[in-house]
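The values are calculated or read from the model by the stated rules, or taken from the named source; none is laboratory data. Bear in mind that the values here come from a model prediction, so they are computed numbers and not experimental data. All Cβ positions, glycine included, derive from the backbone under ideal geometry; neighbour counts span all protein chains shown. Side chains are part of the model used for accessible areas, which takes the heavy atoms of the whole protein and leaves out ligands, DNA and RNA. Shrake-Rupley method; radii C 1.70, N 1.55, O 1.52, S 1.80 Å.
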Amino acid sequence: MDIFQLAEELFAEPAPNRLSFGSGRTYCVTKSGEPYLTAETDCTFHQTCLPACIWNDMLFLADDRHIHVIQLDTLSHTQMEIRYGYLCRFLPTDDFLLCATESQVFALDAQLQRRWETPAIACDGVLFHEHDADGNIVLSCCQDPYPAVWTEYLLDPRTGRTTALPSDD
């Protein structure tokens with residue numbers, strides 16, 4: 001069985017496969033430990049995170065307006081439009097790929113269908129944190145970018161339901 005992983009560093013030698021969806025940000029994927037794929041996207045204006053992950057043998061890359069989905073065994077490509085704002089991060093779970101934009105979270109299933117999306121819960125980014133004992137995910141949601149004001153929520157990854165956590169104030 002082939003195991004695909006995002007490489008932590010750029011390859012010294014060219015990979016046998018290359019995909020380009022823009023320029024400026026490069027991702028490298030290994031297959032069973034060997035260089036396999038180099039994929040490039042446009043740089044995004046937010047450089048604080050690298051919106052990429054591998055889930056179900058698919059590579060997910062985000063630029064300012066799209067999620068590029070590459071089926072790693074065939075290198076076929078699908079492009080999905082990000083409906084609202086820009087994508088910040090991915091969080092793979094067993095059942096869904098959670099996608100955080102600057103204002104909300106949505107879930108993709110294995111067929112790349114949106115299963116649910118939260119209402120707007122932030123204005124400048126959502127961070128995924130630990131899971132609680134019930135499997136909910138703690139989110140930090142930026143309400144005001146300067147000075148930063150954050151609110152925490154619990155997210156049920158199966159339903160998309162959010163519950164505000166009491167603040168420490």
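Annotation: of all residues in the stretch 15-58 being of a type in the set (A, V, I, L, M) and modelled with pLDDT under 95, the one that is nearest to residue 92 (Cα to Cα) is 52. Scanning the stretch 73-107 for residues that are farther than 24 Å from residue 24 by Cβ, part of a loop (DSSP other than H, G, I, E, B) and in contact (Cβ under 8 Å) with a residue 24 or more places away in the chain returns 73, 93, 95, 96.
Selection of the stretch 153-169 for residues being over 23 Å from residue 95 (Cβ atoms) and assigned to a strand (DSSP E or B) yields only 164. Residues in the stretch 51-66 that are of a type in the set (A, V, I, L, M) and either open to solvent by less than 10 Å² (accessible area, probe 1.4 Å) or in contact (Cβ under 8 Å) with a residue 60 or more places away in the chain (or both) were compared, and the one that is farthest from residue 83 (Cα to Cα) is 59. Please find, among 63, 109, 95, the residue that is charged (D, E, K, R), within 29 Å of residue 19 (Cα to Cα) and in contact with a Gly (Cβ under 7 Å, 6 or more places away or on another chain). Exactly one of 63, 109, 95 is charged (D, E, K, R), within 29 Å of residue 19 (Cα to Cα) and in contact with a Gly (Cβ under 7 Å, 6 or more places away or on another chain), namely 63. Of everything listed in (1) over 14 Å from the mean Cα position of the chain (by Cα); (2) under 30 Å from residue 147 (Cβ atoms), the single unmet condition for residue 86 is (1). Can you confirm whether the stretch 112-121 contains a residue that is on the phi < 0 side of the Ramachandran plot, crowded, with 22+ Cβ neighbours inside 10 Å and either in contact with a helix residue (DSSP H, G or I) (Cβ under 8 Å, 6 or more places away or on another chain) or assigned to a strand (DSSP E or B) (or both)? Taking every residue of the stretch 112-121 in turn, none turns out to be on the phi < 0 side of the Ramachandran plot, crowded, with 22+ Cβ neighbours inside 10 Å and either in contact with a helix residue (DSSP H, G or I) (Cβ under 8 Å, 6 or more places away or on another chain) or assigned to a strand (DSSP E or B) (or both). Residues that are open to solvent by 20 Å² or more (accessible area, probe 1.4 Å) and within 26 Å of residue 117 (Cβ to Cβ): does the stretch 11-21 have at least one? There is at least one residue in the stretch 11-21 that is open to solvent by 20 Å² or more (accessible area, probe 1.4 Å) and within 26 Å of residue 117 (Cβ to Cβ).
Just one of (1) within 20 Å of residue 127 (Cβ to Cβ); (2) assigned to a strand (DSSP E or B) trips up residue 70, so point out which. Residue 70 satisfies all of (1) within 20 Å of residue 127 (Cβ to Cβ); (2) assigned to a strand (DSSP E or B) except (1). Of the residues making up the stretch 124-136, those that are at pLDDT 90 or above, in a loop (DSSP other than H, G, I, E, B) and hydrophobic (A, V, I, L, M, F, W, C) number 0. Scanning the stretch 128-167 for residues that are aliphatic (A, V, I, L, M), in contact (Cβ under 8 Å) with a residue 24 or more places away in the chain and open to solvent by less than 50 Å² (accessible area, probe 1.4 Å), we see that the one that is nearest to residue 100 (Cα to Cα) is 139.
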